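Structure first, then comments.
The values are calculated or read from the model by the stated rules, or taken from the named source; none is laboratory data. Predicted, not measured: the structure shown is a model, and the values here were computed from it. Please note: Cβ atoms are built from the backbone with ideal geometry, for glycine as well, and neighbour counts cover all protein chains shown.
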Amino acid sequence: MFQSAAATWAQEEEQHGIALGRWADLADSTFDFDAAFTHFKDLYRIPVDATHSVLGSRSGELCARCVVESGTSSFNSAIRDAVDEPVLQAICRRIASDEYRHYQLFARHLARYQTLEPLTVWQRLKVVVSRFKETSDDELASAYHAGNPREDSYNCKRASNAYAKLAMALYTRDHVRTAGRMMAKAVGLAPEAWLTRVFTRVLWWGIALKGRKLRASIVTH
Ligand SMILES: [Fe+2]
């Protein structure tokens with residue numbers, strides 16, 4: 001049951017990249033999606049040969065997927081609300097909706113696996129925080145570098161900061177609140193629980209602070 005749902009999910013994730021790539025190809029004559037994607041694959045390979053759960057359990061893996069889908073749903077909502085271009089708005093609206101559905105899929109299966117491999121609230125919170133931190137690793141950074149080629153070679157920290165500067169600028173407090181509540185729900189917290197409110201506020205402060213720091217460093221240097 002989960003495997004067939006995961007196969008559909010994987011197909012939809014590919015379609016999102018193709019739709020956005022096609023839009024970028026048409027919107028910017030200097031951009032070549034196929035070349036950028038090839039460059040990305042040269043820089044980064046998703047490890048697909050793992051035989052054990054990186055997070056130690058299927059519940060942990062599903063919880064981490066909920067974090068990713070919360071992030072992609074909120075990010076596409078943020079792009080949708082920030083841009084004026086109607087086709088990009090329409091694409092991002094549809095992707096945000098798909099991503100929310102993906103979140104619901106993984107949340108549903110997380111609830112199922114919680115009965116088989118239960119994780120406490122604190123264990124799931126740890127998974128959420130560790131997965132959230134991975135947003136600054138090579139995967140997003142190399143994708144940004146490949147899509148925005150520079151004269152100099154790839155540098156993870158520089159590309160990650162450049163990506164974050166743009167991404168953080170799109171988020172509003174409402175987008176962060178929605179994403180925070182989705183992640184909190186995956187942890188097992190109610191939307192109005194005090195820990196959810198603290199988590200969501202810390203998330204917003206982190207995003208706002210990171211945006212400010214990066215903007216200041218660009219002005220300084
Ligand atoms: Fe997704």
Does segment 130-138 contain at least one residue that is surrounded by 19 or more Cβ atoms within 10 Å (Cβ to Cβ) and touching a residue at least 24 places away in the same chain (Cβ under 8 Å)? yes
Can you name the residue in segment 92-113 that is more than 13 Å from the ligand (Cβ to nearest atom) and in contact (Cβ under 8 Å) with a residue 60 or more places away in the chain and is also surrounded by the most Cβ atoms within 10 Å (Cβ to Cβ) among such residues? Leu110
Can you spot a residue in segment 55-62 that is surrounded by 13 or more Cβ atoms within 10 Å (Cβ to Cβ), assigned to a helix (DSSP H, G or I) and within 16 Å of the ligand (Cβ to nearest atom)? yes
Checked segment 82-91 for anything at pLDDT 95 or above, assigned to a helix (DSSP H, G or I) and surrounded by fewer than 19 Cβ atoms within 10 Å (Cβ to Cβ); matches are Pro86, Val87, Leu88, Gln89, Ala90
Which listed residue, of Ala164, Ala159, is crowded, with 19+ Cβ neighbours inside 10 Å and either of a type in the set (Ser, Thr, Tyr) or without any contact (Cβ under 8 Å) to a residue 40 or more places away in the chain (or both): Ala159
